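Novice: Got a structure here, written out as structure tokens. Questions coming.
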């Protein structure tokens, strides 16, 4: 490479040759890369412009949007005067995702340990592919199964009042959806813990569980956290499956068996019908902006974790 | 690389073709386009229409427009009609921007657009849609008064025993606040009183709603009559003793109905006009009724006047 660039003679250095072998490919890749960056940026700017309309055009306070539960925006172009408190939706998002994480994380970690440490052969031959297939199942399928199996089950077994549509149903559906994400990323992290660590621990007389618990887990922690946050961000952004089982009731849930609503389901339910540029419409855009900021936050955290992990490895 | 360039060229060219196809080459031959919303233009559907028509909007109207589009294209093989959903707000916005030829809406354009934009659109009341409250078959309730139904949907009455049913909690299944169906039900069934959203399940999908009502004994919701034509798994509720039927809608005794609108920007392209005329023609009216919608032309004066 360096030799060619240093400018010797011969056909390899003709402009046409270099154009074909070097610039064309590089140019295409650069253009595509820049396009993607521009696309991401413009989505961000678009959301920022649309999403701040609630506060600039209709003069609602951010405080009201985030913490008030009073939601009755006007649905007419260029007419304000309603209220845009989205606290119920925000709370619904946190509750369902938190519950999903509580359910999925232990199972995912156990599965990751099983397929890497306990039974690596079955793990790589059977378990890993199975989990990867799970990732590819469209969310509507999860939602549908949730609606036809889980929701009636919750109604009949727990006697949920609103027909089984509940925080619990949404949490379980989300948990199943994020389980493969957390599992695969954690498994990769555990696999990448150097064997020397384990051997050293075994050499000192540790049992396998002691090795897993005291050596492998701490060493793989950044990767495991990354997996959990990736799972969380998938849960936060999931609309369809949640919308089908959460009930979409505009109230804080009294308990796990009560229905509520969340950000994504509320946006999906009203985006097509609300008047463009109206208070309702812009409030939905603000909710979209909020979701966007959540995912930015998650990405930021992941970067922090991986940088910390690198720093520690160097030390 | 060559392949890539070829591909790129191909894509550009096909895009160009699509764009060209989009320009309405509507030539309804000698037809002097019976403009306006007169449903008498039978002739328009006999002469061949060419060009393309795009429509988007109301999901309540979508099934009917899709059937109409198919019939229309069979009769006019040189005309293509593309119909999308998206909701009334989207349909109105699209037609106002000129992105589609026809915007389908459950509500008047004035309710969703600002006055200047709305004034540029022409309203075609292609049909009516009748809403019926539905309950579970095993509940044993098939009639409610307006007052009872209002109290139920505003959360004042929470048990069926208060309206003559069994001792069972009422489970409300309603629509999102921006829904045209909800607005219609609020105006004509609940006397304009806002529903209690904090104790109701919400869904914009009538299929899901029917499913929920069917599988929960205490559930009550409301759907368009078009969903009750084939499906008798739920019980339609009479209001003040009047059953939700097309007949009662036409003669003006059942009042929970509204117009379904198709908006064009100005008079619209000739192909779009021809399509709307076909939808409002007597020829298509039987299809409208078979699908559970009402033909605007059959409304009695009592009915028309009650909804002015």
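Novice: If I model a spin label at residue B:70 and residue A:199 as a point 7 Å from the Cα along the Cα→Cβ vector, what separation in nanometres do I get?
Specialist: 7.0 nm
Novice: Also, quick follow-up: Can you classify the range A:60-111 as rounded, prolate or oblate using the Cα gyration tensor, where a ≥ b ≥ c are the square roots of its eigenvalues, rounded means a/c under 1.5, and otherwise it's prolate if a/b beats b/c and oblate if not?
Specialist: Since a/c reaches 1.5 and a/b is larger than b/c, the shape of the range A:60-111 is classed as prolate.
Novice: With the Cα gyration tensor of chain A in hand, convert its eigenvalues to equivalent ellipsoid semi-axes via √(5λ) and list them largest first in whole Å.
Specialist: Output for chain A: semi-axes of 41, 34, 18 Å.
Novice: Let me ask something additional. If each DSSP helix of 4+ residues adds -39,500 (n - 2.57) and the sum is divided by the residues in chain A, what number results at 222 nm, nearest 500 deg cm²/dmol?
Specialist: Result for chain A: -20500 deg cm²/dmol, rounded to the nearest 500.
Novice: Which whole-number percentage describes the relative contact order of chain A, with Cα contacts under 8 Å and a sequence gap of 6 or more?
Specialist: 25 percent
Novice: From a point 7 Å beyond the Cα of residue A:59 in the direction of its Cβ, which residues of the range A:288-312 have a backbone N at a distance under 13 Å?
Specialist: none
Novice: Which semi-axes, in whole Å and largest first, does the equivalent ellipsoid of the range B:65-196 have when worked out from the alpha carbon gyration tensor as the square roots of 5 times its eigenvalues?
Specialist: Taking √(5λ) for each Cα gyration eigenvalue gives 37, 19, 11 Å.
Novice: With label points built 7 Å along Cα→Cβ from the Cα atoms of residue A:300 and residue B:78, find their separation and express it in nm.
Specialist: About 6.1 nm, to one decimal.
Novice: In addition: Thinking of the range B:183-250 as a set of Cα atoms, what percent of all their pairs are more than 20 Å apart?
Specialist: More than 20 Å apart: 33 percent of the Cα pairs in the range B:183-250.
Novice: Looking only at the protein assembly as shown, where both bridge partners belong to it, what percent of the DSSP beta bridges are antiparallel (to the nearest 5)?
Specialist: Bridges in the protein assembly as shown that DSSP calls antiparallel: roughly 60 percent.
Novice: Ok, one more. State the percent of C-alpha pairs, over all pairs in the range A:267-315, separated by a distance greater than 14 angstrom.
Specialist: 64 percent
Novice: I've got another one for you. Taking all pairs of different Cα atoms in the range A:1-144, averaging 1/r and flipping that mean, what Kirkwood radius in angstroms comes out?
Specialist: 22.1 Å
Novice: Give me the tail of P(r) for the protein assembly as shown as a percent: Cα-Cα pairs with distance above 38 Å.
Specialist: 47 percent
Novice: Ok, one more. What Kirkwood Rh does the range B:125-268 have if only Cα atoms enter the pairwise 1/r average? Answer in Å.
Specialist: 15.4 Å
Novice: Now for a different question. Using the Kirkwood formula over every pair of different C-alpha atoms, what hydrodynamic radius in Å results for the range A:89-172?
Specialist: By the Kirkwood definition, the hydrodynamic radius is 14.7 Å.
Novice: Starting from the Kirkwood radius over alpha-carbon pairs of the range A:124-260, derive D by Stokes-Einstein at 37 °C in a medium of 0.692 mPa s and give it in µm² s⁻¹.
Specialist: In µm²/s, the coefficient is 194.
We did not get these values from a lab; they are worked out from the coordinates using the rules stated. This structure is a prediction, so every number in the text was calculated from the model and none was measured. Note that we place each Cβ from the backbone using ideal geometry, even for glycine, and neighbour counts take in every protein chain shown.
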